[in-house]
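What follows is a single structure, written as structure tokens, with notes after it.
Laboratory data are not the source of any read-out in this text; all were calculated from the coordinates shown. Computed from a predicted model, the values in this text were never measured in an experiment. With ideal geometry, Cβ positions are generated from the backbone for all residues, glycine too; neighbour counts draw on all protein chains shown.
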Ligand SMILES: Cc1ncc(C[n+]2csc(CCOP(=O)(O)OP(=O)(O)O)c2C)c(N)n1
């Protein structure tokens, strides 16, 4: 199932997200990207594993931490960086910023900065797909914090009731801003939230792009059989602070040991090792991919900086 | 084609839904009880009989998700109509209406439209109490990116609803339960009342009443009574609180120099305040008297019918306010306050 072509695409997406986020983190101090950025370093494998199952007609809705979802879905890189710089060439013309990336040409239909807010939107998109008898699926990405919002449960009920083509994808990084999961929930079992509605849930290693891909593929297969929605929980870790380019191990919320442990489980490194060990990609190929991506990112920042400023629509 | 055909407000809404669904297969209805025998006070039954459960679907009690599902369906090309039997239930959907429906077009840089229609009824007539009677137009009119329509006649109910079904913005329709059985001549064929265009209900030179929703009917009755005293009132129904037809209002006040604003909601921070501000801003020097408002007092709706009767300002309050505006020496209620016939003859349970 995982062949050279698959590996090349997944690796390209993982590295694109990682390097784009790193570039944002390093440029951010210049105070030219004047919007809050919620970076997804450490969480890339969930966006990529899911998107490897999707085409342009499949629909994605996302949350405040939307860079990875946007890029994995194939969103335009130049338009994303321009958006962060508040330029008229931005993907939403500078009106949205980092938390509201959208590229309708590839089915990325937007992101809400209201926690849980875009979950019902994906369900509504699923309703459209079902009413129009389209063979596509709608995905909603959200964090563990969003699983505490009522609208998540309301949305799952409706999606299950109508057997809608929806995949609920929870990126469980065990933290909502600075509140650990254990101070917000009595149990660590988000994937079971769909059970009462008959929605099957799986919990996977969110840093393993292949595991996420396989879980999503199963969910899509279920949809194809007319069996309705699934819930996937990917356990992961954000390497940076909730918002901004710093690391928050000094705040006491998350320890350095924990951070080191997750650094070992870096989803990009993990997949690169797999590719090299299994001869899916050669070292020369991975280097070439990295170089190509770096050039694209440099170009995107150059363009964004010189692009015209935003205008009212 | 019979132009003189009359329909009730309820029937006009029902006909608009059926015609809108016939014209556009993307239109569908969602809401609690839209497919039951009551059919939201008789407005969704015909559509259900005609188009079935796939397009007129009952919904779980999940107002916020249903609104969000409406947004998701709308931005992907459908035209959902969500129905709530009361305004009050919209409060559970505020996040999706205010943070999502109203903003998705803007936040997408204008690329995605959100053509969602949300109908919600103001309950009045049978001890509805504090949580089944609110008129929440002010809350929604405050939010850019959504339209708010307040049909006061069967004709406008059909025409505005048909317009909402082909508008590309989210529209909130605030309907009034006491208007449901009122009749008006309603053309059989589809027609479209434009948003932000009010209507002159009555011509008069002495003062202007800008009235919304059920207060239009009350204002017409008040004008009738005042005419017997030789006072000629001009009545304007803006039909929408957002966008608001200021041209029509200003034109009238320019002529009469006196304004009374009547609303079914509370007066504090209400849409009547917005009308006042805009008129003061344009015609301060023309006004011969301070603008007056007739709207709800700042308390929740009581249930007991004697208190209800005191609570809702009606024809008497309007007549009094007109007298004060004209400064003709009369003030205060001289007669015993009467309930409007629509309220007085209402039969329970609801
Ligand atoms: C309804 C709502 N409440 C609070 C916030 C403030 N806030 C922004 S992100 C966030 C944490 C979200 O955590 P989670 O859903 O787990 O996503 P993560 O940031 O971990 O990716 C909070 C509380 C918000 N944006 N929306």
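With springs only between Cα atoms under 10 Å, which of B:72, B:230, B:127 fluctuates most in a Gaussian network model of chain B? With Cα springs under 10 Å in chain B, the top fluctuation among B:72, B:230, B:127 is at B:230.
Here the relative contact order of chain A, from alpha carbon pairs under 8 Å that lie six or more residues apart, stands at 24 percent. For the stretch A:32-266, rounded, prolate or oblate, judged on the Cα gyration tensor with a ≥ b ≥ c (square roots of eigenvalues), a/c < 1.5 rounded, else prolate if a/b > b/c? In terms of gyration-tensor shape, oblate.
Oblate is the label for the stretch A:263-302. Its Cα gyration tensor axes, ordered a ≥ b ≥ c, give a/c of at least 1.5 and b/c at or above a/b. Going from the fewest other Cβ atoms within 10 Å to the most, the residues A:70, B:311, B:155 appear in the order B:311, B:155, A:70.
Principal-axis analysis of the Cα atoms of chain B puts helix B:315-326 at an angle of about 50° to the longest axis. So what is the relative contact order of chain B, in percent, for Cα pairs below 8 Å that sit 6 or more residues apart? Relative CO of chain B lands at 16 percent. Largest GNM mean-square fluctuation among A:142, A:168, A:158, using chain A with Cα springs under 10 Å: A:158. In chain B, the longest principal axis of the Cα atoms and the axis of helix B:214-228 are about 30 degrees apart.
Dividing the alpha-carbon radius of gyration of chain B by 2.2 N^0.38 Å (N being the number of residues), what value is obtained? Present the calculation step by step, with values, prior to reporting the outcome.
Numbers: Rg = 19.8 Å, N = 350, 2.2 N^0.38 = 20.4 Å.
Dividing the Cα radius of gyration by 2.2 N^0.38 Å gives 0.97.
Let me know the shape class of the stretch A:208-312, please: from the alpha-carbon gyration tensor, a ≥ b ≥ c as square roots of the eigenvalues, rounded when a/c is under 1.5, otherwise prolate if a/b is greater than b/c, or oblate.
Since a/c stays below 1.5, the shape of the stretch A:208-312 is classed as rounded.
For the stretch B:4-187, the alpha carbon positions stretch 45, 38, 29 Å along the principal axes, listed from largest to smallest.
Shielding of peptide A:132-138 by partners, expressed as the average count of other chain Cβ atoms within 10 Å per residue Cβ, is 1. For chain B, the share of DSSP beta bridges that are antiparallel, to the nearest 5, is 20%.
Under a Gaussian network description of chain A, with springs only between Cα atoms under 10 Å, the residue in A:280, A:39, A:109 that fluctuates furthest is A:280.
Only bridges with both residues in the stretch A:145-294 count here: give the DSSP antiparallel percent, nearest 5. Beta bridges within the stretch A:145-294, antiparallel portion: roughly 15 percent. Rounded to the nearest 10 degrees, the inclination of helix B:246-256 to the longest alpha-carbon principal axis of chain B is 10 degrees.
Expressed to the nearest 5 percent, the antiparallel share of DSSP beta bridges inside the protein assembly as shown is 20 percent.
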